[in-house]
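Asks: This structure is in structure tokens; I'll ask about it shortly.
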Amino acid sequence: MDINDLTAAEQRVWRAFPRGEAVDFRTAQDEDTAQGADWGAERTVRAVVLRALLLNGPSEDGEIPALRLNGARITGELDLQYGTIDQLVHLCDCYFEDVPALYASRLRELNLSGSVLPGLAAATMRVDGILHLTHCRFLGPVRLAGTEIGGPLFLSGAEITPPDTTRPALRLSHATIGDDLWAPGLRTHGEVTLSSTSIAGSAGFDDARLSHPGGVALDAQTLLVEGDFHMRRVQTQGWIGLRGARITGRLDLSYASLSNPGDAALRASSCTIGELWLRKSPPMEGALNLRRAQIEVLWLEPEAVPDEVLLTGLVYTALTPHEPAERRLPMLERDGDGYVPDTYEQLTAAYRRVGDDHAARLVQLAKQRRLRGTRAWYGRLWGYVQDATVGYGFRPLRACGWLLSLLALGSIAYALHHPRPLKASEAPHFNPVFYTLDLLLPVISFGQEEAFAPDGWYQALSYALIIVGWILATTVVTGVTRNVSRQ
């Protein structure tokens, strides 16, 4: 390309390129790049000129060429598809009239910070260093699927608002990022796709606003994050999908507001997470799906639990903060899968690991009561008996209370009305206390029951004491057996 065919603005860029000098067309540091369509020829550069510079631009001995351009209106399509660019590319605070075509290109570093673009087509692009999209405004979809980025990817404060939300607003699936994905304050209207993406560092979506009502706000299925995934104060309309994801560090959803009424707001089934934090957050509008997830530390405040949870197969090592069992049990009762025994076992194990045996017993008692509701009427009846007498074996002192109360009742009744002896000459001295114990305790005999025979309603009382004694003995044995089995 002949320099004489260039405009004055393009000549400035052409002459600065061999020395890597910056060309800044901005009239003020705080000017609105969205007004770039009104910029005149004095700051307009054709995309074909930039393409010629990057693919076959001039060079000077002892200098490192680079394209550093600020505040320009770029007309036409910047087509670098399949190209290899060895120079630094900084096109910051620029206004692009057409979508840059970077498909399968290879660049050292790309910086589009602060620019306004109608979209970005950069699938399978490879960037050896850093990809800067900080504070960019995209009026169409951003396609970065299959990209390879050797350093970090910055999307801080970026805004992606395509007119058609039936397709993903940001497609970053199957990408490989060699460092962090940093996107605090990201704003999107439409689906964000991170499925099967690998991030060697951490991911940061703090203060992001992801909007796709009724659809997928963030699709991160089979995502791999070697560090932490921060989503503090994030706000979503639509659901977050983390099925099969693996996050080595912490998934932090502190202060987050997730909304997807009528469906799941967070789908994290079959994922592996070091720590999941759901704290200082309002209850999500929608269900929480943690089926078959494996979590080392689950930080879940009772106030953050939504009206419906799905916990079948969930495995966690520690549950924090430490709360009384009465505050944790409502979560299990909200399980949309109904009665799930292993959820009670997981909560019991968590309490036992911190030495809270009382809370563990309460969880097991709640489990038996929940199980009772699934049985036939006769099973429920027997369950009520076990619950009332010894609390399914978790409250054995109840049996002592029943026995002492019945012992007092029988002793008083038979002290006021001695039963007649069967053989007066052979009968021992009548003792109302031991006579009542003979009736209540089926395996112990003090010789009183066989020697005396009550009549009338006292006989009915003796039958009742015998029946209740057998019931108490059976329930106590059942409870003891259950406790021994647990140990």
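The values are calculated or read from the model by the stated rules, or taken from the named source; none is laboratory data. Remember, predicted model here, so these are calculated numbers, not experimental data. So basically every Cβ, Gly included, is an ideal-geometry build from the backbone, and we count neighbours across all protein chains shown. All accessible areas refer to the heavy atoms of the entire protein, side chains included, with ligands and DNA or RNA removed. Shrake-Rupley method; radii C 1.70, N 1.55, O 1.52, S 1.80 Å.
Asks: For the structure I just gave you, tell me whether Leu6 is modelled with pLDDT under 95 and among the hydrophobic types (A, V, I, L, M, F, W, C).
Replies: yes
Asks: Would you point out the residue of the range 350-392, among those that are surrounded by 21 or more Cβ atoms within 10 Å (Cβ to Cβ) and β-branched (Val, Ile, Thr), that is modelled with the highest pLDDT?
Replies: Val363
Asks: Another question, then. Counting just the residues of the range 74-90 that are aliphatic (A, V, I, L, M) and either closer than 19 Å to Ala145 by Cα or in contact with a helix residue (DSSP H, G or I) (Cβ under 8 Å, 6 or more places away or on another chain) (or both), which one comes out surrounded by the fewest Cβ atoms within 10 Å (Cβ to Cβ)?
Replies: Taking the candidates together, the pick is Ile85.
Asks: Name the single residue that is most open to solvent (accessible area, probe 1.4 Å) among those in the range 442-467 being within 60 Å of the chain's Cα centre (by Cα) and at pLDDT 80 or above.
Replies: Residue satisfying both the conditions and the ranking: Tyr463.
Asks: Tell me, which residue of the range 237-256 that is in contact with a Lys or Arg (Cβ under 8 Å, 6 or more places away or on another chain) and of a type outside the set (A, V, I, L, M, F, W, C) is farthest from Val297 (Cα to Cα)?
Replies: Only one residue fits best here, namely Gly241.
Asks: Select from the range 15-47 the residues that are within 19 Å of Ile3 (Cα to Cα), open to solvent by 30 Å² or more (accessible area, probe 1.4 Å) and in contact (Cβ under 8 Å) with a residue 40 or more places away in the chain and list them in ascending order.
Replies: Residues satisfying the conditions are Arg19, Glu21, Ala22.
Asks: Then there's this: For Glu109, all conditions in the list (1) open to solvent by less than 30 Å² (accessible area, probe 1.4 Å); (2) touching a Leu at 6+ places or on another chain (Cβ under 6 Å) hold save one; what is the number of the exception?
Replies: (1)
Asks: Do you know which of the residues in the range 49-73 that are without any contact (Cβ under 8 Å) to a residue 40 or more places away in the chain and open to solvent by 20 Å² or more (accessible area, probe 1.4 Å) is farthest from Phe17 (Cα to Cα)?
Replies: Ranking the candidates gives Arg73 first.
Asks: If you take the residues of the range 201-222 that are in a loop (DSSP other than H, G, I, E, B) and touching a residue at least 40 places away in the same chain (Cβ under 8 Å), which of them is most open to solvent (accessible area, probe 1.4 Å)?
Replies: Ser202
Asks: Restricting attention to the range 24-48, which residues are within 46 Å of the chain's Cα centre (by Cα) and within 15 Å of Gly76 (Cα to Cα)?
Replies: Scanning the range 24-48 gives Gly36, Ala37, Ala47.
Asks: Are there any pairs, at least 6 apart or on different chains, whose C-beta atoms fall under 7 Å, with the first in the range 435-449 and within 19 Å of His417 (Cα to Cα) and of a type in the set (Val, Ile, Thr) and the second in a helix (DSSP H, G or I) and open to solvent by 10 Å² or more (accessible area, probe 1.4 Å), and if so, which?
Replies: Listed pairs, sorted by first residue: Thr436/Leu407; Thr436/Ser411.
Asks: Just to be sure I understand the filter: pairs with C-beta atoms under 6 Å, separated by 6 or more residues or on different chains, first member in the range 298-321 and farther than 20 Å from Pro261 by Cβ, second member assigned to a loop (DSSP other than H, G, I, E, B) and open to solvent by 40 Å² or more (accessible area, probe 1.4 Å). Which pairs pass?
Replies: Final answer for the pair search is Trp299/Arg279; Glu301/Arg279; Thr312/Arg291; Thr312/Asp337; Gly313/Arg291; Gly313/Arg292.
Asks: While we're on this one: Scan the range 292-307 for residues that are in a loop (DSSP other than H, G, I, E, B) and modelled with pLDDT of 95 or more and jot them down.
Replies: Arg292, Ala293
Asks: Right, Ala265: surrounded by 19 or more Cβ atoms within 10 Å (Cβ to Cβ), at pLDDT 95 or above and more than 20 Å from Thr166 (Cα to Cα) or not?
Replies: In short, no.
Asks: I've got another one for you. Would you confirm, using the coordinates I've provided, whether Arg279 is closer than 26 Å to Val225 by Cα, out of contact with any Lys or Arg (no Cβ under 9 Å at 6 or more places or on another chain) and charged (D, E, K, R)?
Replies: yes
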